[in-house]
1. Of the numbered conditions (1) assigned to a helix (DSSP H, G or I); (2) in contact (Cβ under 8 Å) with a residue 40 or more places away in the chain; (3) open to solvent by 20 Å² or more (accessible area, probe 1.4 Å), GLU427 fails exactly one; give the number of that condition.
2. Please specify each residue of segment 162-173 satisfying the condition of being of a type outside the set (Phe, Trp, Tyr) and either open to solvent by less than 10 Å² (accessible area, probe 1.4 Å) or within 10 Å of the ligand (Cβ to nearest atom) (or both).
3. Go through segment 471-494 and report how many residues are open to solvent by less than 20 Å² (accessible area, probe 1.4 Å) and of a type outside the set (A, V, I, L, M).
4. Please determine whether any residue of segment 495-504 is crowded, with 21+ Cβ neighbours inside 10 Å and not polar (S, T, N, Q).
5. When the residues of segment 118-144 are narrowed to those that are among the hydroxyl-bearing types (Ser, Thr, Tyr) and away from the ligand (no atom under 14 Å from the Cβ), which ends up least open to solvent (accessible area, probe 1.4 Å)?
6. Cβ-Cβ below 9 Å, separation at least six or inter-chain, first residue in segment 139-152 and within 21 Å of ILE163 (Cβ to Cβ) and in contact (Cβ under 8 Å) with a residue 24 or more places away in the chain, second of a type in the set (Asp, Glu) and open to solvent by less than 20 Å² (accessible area, probe 1.4 Å): which pairs?
7. From the residues in segment 326-339 that are open to solvent by 60 Å² or more (accessible area, probe 1.4 Å) and more than 9 Å from the ligand (Cβ to nearest atom), which one is modelled with the highest pLDDT?
8. Considering (1) buried (at least 17 other Cβ atoms within 10 Å of the Cβ); (2) within 15 Å of the ligand (Cβ to nearest atom); (3) in contact (Cβ under 8 Å) with a residue 60 or more places away in the chain; (4) among the hydrophobic types (A, V, I, L, M, F, W, C), say which one ALA342 fails and leave the rest.
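The values are calculated or read from the model by the stated rules, or taken from the named source; none is laboratory data. In this text the structure is predicted, and so the values were computed from the model without any measurement. Note: ideal-geometry Cβ built from the backbone for every residue, glycine included; neighbour counts use all protein chains shown. SASA here: full protein model, heavy atoms, side chains in, ligands and nucleic acids out. Shrake-Rupley method; radii C 1.70, N 1.55, O 1.52, S 1.80 Å.
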Amino acid sequence: MNSLSQFSYDPAKCSLALSLYKSLLKIEAQIPAEISELDFFKSLEQPPEKTLGDYALPCFRFAKAIKKNPNDVAALLKQHLEELNNPWVESIVLKGAFLNIFTNQKEVAKNLVPTLVNGSAFKLLKSNPEHNKTKVMIEFSQPNTHKEFHVGHGRNVCLGDSICRLFTYNGYQVIGANYIGDEGAHIAKCLWGVDHYKGDEKLELATNKAEWLGQRYVEANSKLKEASDEITKNQYNKEISDILKSIENKSGQYYETWKKTRQYCLDDFNKIYKWLDVKFDHFFYESEVSEDSQLIVEEYIKKGLFVEDNGAIGFDMSDKKLGFFMARKSDGTTLYITKDLALAKVKFQDFDIDRSIYVVGSEQNFHFKQLFYALEKMGFPQASKCYHLSYGMVVRPDGKMSSRAGNSFTFIQLINLVMEEINTYLEKYSTEWSQDQKEDTAHKLAVGAIKYGMLQADPNKEIVFDPKEWVSFEGNSGPYLMYSYARTQSILRKAEVEGIKSSLDKIELLSHESERDLMRHLYDFNQITINACENYRPSTLANHLFFTCKAYNRFYTEVSVMKAETEDLRSARLSLLKAFADTLKMGLYLLGITPPEKM
Ligand code: ARG
């Protein structure tokens, strides 16, 4: 089988690689075995400047392989490549040991536009045989019950969901998983706070119960802090510890309250997921793995990896500068990280996964370093296939928030701010549109504005949330992209009413510079989704889509689609417009965004 077949999404580069290999054979019949077509494919770069061509080939490696001067080899390769009359080659410019290759625009148009319009281009990566047999679990969202769902959780959901979509698009078997923190000291504190709460507002009446419970947790924390004397403090702590025991032993009054309040929180989380159109294939719960985590500690004490240290159980990780890995505290309770050992084991063994991705905020970087090293030492081969997709905070222009201090900024608050902006914008349609239409459009725009705002930034960077910017219809925002899409649909509808057909017959007529630029962006789409997937960076795709929209808007202003000089040209341009629309829609889908058809 031709080793290039997996790269069929880039036919120009495949063809160039084959021709270049043939050309090298003409220079030197005895090429060392390690040089193949694939090497040429991999060496062909995309120059940063358009003026440097569509592909550039540095010739050093090939010159070295046949023991010749790089500049000479470049010149000879150019000569032989030209003789081969490869249809993709428009012209070749020699720059020292580099070849700058310009592709033939007619060939690009003929090969690209039809595959976008008929959708086959969007299925090419799905059939990658290596990926098809790789099972990837993507764990994301993972909120704690009895706490509010804050903006950071929102960023997490958007990221994780897009990563799931990108991996699926790239042919992997994907399991999207959630891991709910429904156990632990914070819940005991919260329930203790509920008991001591003497306000008028009651849980049953609260519209957002997770938020209400989160506030009780905050109050509990301040009450604990305010406790002036040791006796009161000890008494409070004893009460909280009893609550914790009741929950963990699954009996007693607090266990009942836990079950009820936990469910309230899960219901609230599900409402958010539904609003965002995010689905999970599986839910894990901390309360489900805590028993197993005790068993694991026993198992690895027996195996000799975990040892006692000042009453605690664990092992020394100072060889990796990770300190002491604590699996069990001296009071016999396990920790958050111990549950992660049990969870990982279930993922590896029951779900049989090959790759495991954890989408979790950067404050847990150390946690995941320890976790993955522990899994390695425990002998799980999949440990090397674990990846922590770490991301920064979301802050308001006025500063940071932490849920303990009680000045947190909830995701619902962010949704409301965005909704407000969108509704102001949509007011102008108040007479034209039905109520349903308005609500549906507002919802799609709000989801798109939020997801795009969250995804457009590199995960490592902090996001400063500005509702006006996120909702703006100009600039690098979700609404700008969605608006670009909606505009194409209105043109296509108009064309249909007027009986104007798009056609692929004369697609090679697309020869304007703005058409060339737009096609280049569309051509790169699949490669960009590969990069976004393998680097865990939906931001790569988001920004590519933004530049593609700019290229489209330039095309739309510089040439006339509906009033093109000839009918053939109009049909061809309409096809390019449709190719752009379909690519944008697919790209938005991979970000989790559904644009309205009309705006
Ligand atoms: N629930 C945890 C928190 O809010 C995040 C869980 C992350 N996932 C994991 N496997 N540790 O901090």
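1. Only one criterion is unmet by GLU427, namely (2).
2. Here is the first cut: in segment 162-173, the ones of a type outside the set (Phe, Trp, Tyr) are 162-166, 168, 170-171, 173.
Correct list: SER162, ILE163, LEU166, ASN170, GLY171.
3. 6
4. Among the residues of segment 495-504, not one is crowded, with 21+ Cβ neighbours inside 10 Å and not polar (S, T, N, Q), which makes the answer no.
5. Kept after step one, since they are among the hydroxyl-bearing types (Ser, Thr, Tyr), are these residues of segment 118-144: 120, 127, 134, 141.
Narrowing the set further to residues that are away from the ligand (no atom under 14 Å from the Cβ) leaves 120, 127, 134.
Values: SER120: 49, SER127: 76, THR134: 26 Å².
Looking at the filtered set, the residue picked out is THR134.
6. PHE140/ASP161; SER141/ASP161; PHE149/ASP268
7. Taking segment 326-339 as the starting set, the residues that turn out to be open to solvent by 60 Å² or more (accessible area, probe 1.4 Å) are 326, 329-331, 336.
From what is left, the residues that are more than 9 Å from the ligand (Cβ to nearest atom) are 326, 329-331.
Numbers: MET326: 96, LYS329: 91, SER330: 90, ASP331: 84.
Per the stated criteria, the residue is MET326.
8. (3)
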